[in-house]
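Reviewing the structure listed below.
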Amino acid sequence: MRELYVRYHDEEWGQEVKDGAALYERFCLEAFQAGLSWITILRKREAFRAAFRGFDPAVVASFAEPDVARLMGDAGIVRSRPKILAAIKAAALVLDIGEDGFAELLWSFAPEPRPRPVRPGDVPAQTPESAALAKELRRRGFSFCGPTTCYAMMQAVGMVDDHLVSCWAAQRGRIVPQLSTN
């Protein structure tokens, strides 16, 4: 389990993702994670990719009831009908906006760089930007995208950089002052 987390942290978490289809995958995975541990999603990630046909929005948007039934029977993924339906609807919404438009929409909520956190307790669960993004996504018809889920996605795709000051990965990113330890 630790190796999976470490690999995800070291190779992926916090790295900028601006491709619309890749952002759709991350959005869906964060939505499936709601109420579960992230390690559950990481362990099932390849099964999710297979079940959702590589998270190609054009393919997923065409899923119909037989596909929903197939997904509900797939023990390799999280079998939540509301989350499966939300992922299918999100694919159609991404197509309506366009993959580039989806990426532009998400990144328009990226905050200005802020001081790097010193301790894990300095990392927020949500921010005004993630709340605003969640509100806009819900207005457009997306679901399973509350402020905490949106913030987790923002961290995962590099919209915010919450690597701690002491983290080796902090050195590969932007340089900003650390938070005061007062």
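Every read-out reported here was derived from the displayed coordinates using simple, explicitly stated rules and does not represent laboratory data. Keep in mind that what you see is a predicted model, and the values were worked out from it rather than measured.
Data table
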| quantity | calculated |
| --- | --- |
| Kirkwood hydrodynamic radius over Cα pairs of the chain, then Stokes diffusion coefficient at 4 °C and 1.567 mPa s, in µm²/s | 76 µm²/s |
| Whole-number Å³ per residue for the convex hull built on Cα positions in segment 22-68 | 76 Å³ |
